[in-house]
Amino acid sequence: MIFAIETSCDETSTAVLSLDGKFLSHIIVNQQNHKKFGGVVPEIASRAHLEILQTIVPQSLDEAKIELNNIELFSATCGPGLIGGLLVGSTMAKSMAIGRNKPFYPINHLEGHLLSPLITNKINFPYLAILLTGGHTQVYLVENIGIYKLLGETVDDAVGESFDKVAKLLGLGYPGGPFIEKIAVLGNEKAFHLPHPLEFEKSLNFSFSGIKTAVSLLVKNQPKINKKIKSDIAATFQSKIIEILIKRTTLAFTILKKKNYKIKDVALVGGVAANKEINESFKKLCNKFNYRFVFPTQEMCGDNAAMIAWACLQRYKKNMKPDINFKANPRWSLGKVVSL
Ligand code: KG4
Ligand code: ZN
């Protein structure tokens, strides 16, 4: 059995996974106490992680119908993320490992997202993964477990972050993505004009901060902000984001074909992958290029401990080493951008 903890942002989550790949329990608690601030307050988050873990650690063992003694491997997200939360989760998992004299696997949160579609899909390596979260927007070639080539990333805001900031400008709730998605269906995506940053750049990098600034000006220049205008702005914004993501991914496909990389599968991962319009647009693009499109279940798009337990299992099966001395690292990266 593997016991995993995820506490890198504002979800507190635990999972128990058997070594033959079956989930015996999975609990995700979305912290509600940040909503009134319109964003995550790190100090509040780490205190909440500590409180919530004390309830859900025993609860997840109960749900799995096992004792702590039955756990063979412990794991926790050790970065990237908010340092307070990372320390709380990793210290708790390490303490349990030390107390039982069992190994501890530090897991990179991004690796958790990258491998998350493998939980419910059979995928061939290497595959292309587009990772869209609140803190990251990256394109990876996933060559194997632990071998990730970063091909491009955002030079400023992450895509989820831009959804959150635009939602705040429109006076919607936090996290912003689901709110924007909900009202975008009611709006006209051609109502306004928004810029396409780095449109003609030939790299696989992204930029989103200019769009947020443009939306902020748009909001300021409206004599009155009513429901209709909000939906039109949300629809225009979401469709611009889709245009940018699709354009970059098309470029990635073209480069892969030109360089003779034989991939079959393309994965969309991270919290933003839960967006139906975005998901549908990727599905269409993959069909056009004859790639199989895969993505995690809705529950495993956002932050969760199941993907952390899963990454731990993959590392264990590959005989990769545990490391109880690994220190939580808020900027733990999977490597620098390389070109193919
Ligand atoms: O992967 P995730 O849960 O946490 C990080 O690792 O950051 O991603 C959270 C991000 C937030 O910015 C949230 O607004 C965005 O994912 N998100 C969405 C949707 N659901 C969550 N963005 C667009 N549409 C959605 N339906
Ligand atoms: Zn995440």
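The values are calculated or read from the model by the stated rules, or taken from the named source; none is laboratory data. Values in this document were obtained by computation on a predicted structure and should not be read as measured data. So basically every Cβ, Gly included, is an ideal-geometry build from the backbone, and we count neighbours across all protein chains shown.
Things to note:
- Meets criteria (at negative phi and within 16 Å of ligand 1 (Cβ to nearest atom)) for Ile83: yes
- Listed by position, the helices (runs of 4 or more DSSP H) inside segment 276-340 whose residues that are surrounded by fewer than 23 Cβ atoms within 10 Å (Cβ to Cβ) and at pLDDT 95 or above number at least 3 are 276-289, 306-317.
- Answer from Lys190, Lys220 - the residue that is over 26 Å from Thr250 (Cα atoms) and either modelled with pLDDT of 95 or more or in contact with a helix residue (DSSP H, G or I) (Cβ under 6 Å, 6 or more places away or on another chain) (or both): Lys220
- Failed item in (1) near ligand 1 (Cβ under 10 Å from one of its atoms); (2) of a type in the set (S, T, N, Q); (3) over 19 Å from the mean Cα position of the chain (by Cα), with Thr133 passing the rest: (3)
- Single residue of segment 251-275 satisfying the filter (charged (D, E, K, R) and in a helix (DSSP H, G or I)) that is farthest from ligand 2 (Cβ to nearest atom): Lys258
- Residue check for Phe253: closer than 21 Å to Leu141 by Cα, in contact with a helix residue (DSSP H, G or I) (Cβ under 6 Å, 6 or more places away or on another chain) and of a type in the set (Phe, Trp, Tyr): yes
- Of all the listed residues (Phe104, Phe125), the sole one being in contact with a strand residue (DSSP E or B) (Cβ under 7 Å, 6 or more places away or on another chain), of a type in the set (Phe, Trp, Tyr), under 30 Å from Ile278 (Cα atoms) and away from ligand 1 (no atom under 16 Å from the Cβ) is Phe125.
- Matching residues, segment 260-283, being aliphatic (A, V, I, L, M) and touching a Phe, Trp or Tyr at 6+ places or on another chain (Cβ under 8 Å): Ile263, Val266, Ala267, Leu268, Val269, Val272, Ala273
- Scanning segment 154-179 for residues that are under 14 Å from Gly38 (Cβ atoms), in a helix (DSSP H, G or I) and near ligand 1 (Cβ under 8 Å from one of its atoms) yields Glu161, Phe163, Asp164, Ala167, Gly176, Gly177.
- Leading residue by the ranking (nearest to ligand 2 (Cβ to nearest atom)) among those in segment 121-146 that are out of contact with any helix residue (DSSP H, G or I) (no Cβ under 8 Å at 6 or more places or on another chain) and in a loop (DSSP other than H, G, I, E, B): Asn121
- Whenever a residue of segment 162-190 is closer than 18 Å to Gln298 by Cα, its partners that are hydroxyl-bearing (Ser, Thr, Tyr) and assigned to a helix (DSSP H, G or I), lying with C-beta atoms within less than 9 angstrom and at least six residues away or across chains, give the pairs Gly176/Ser162.
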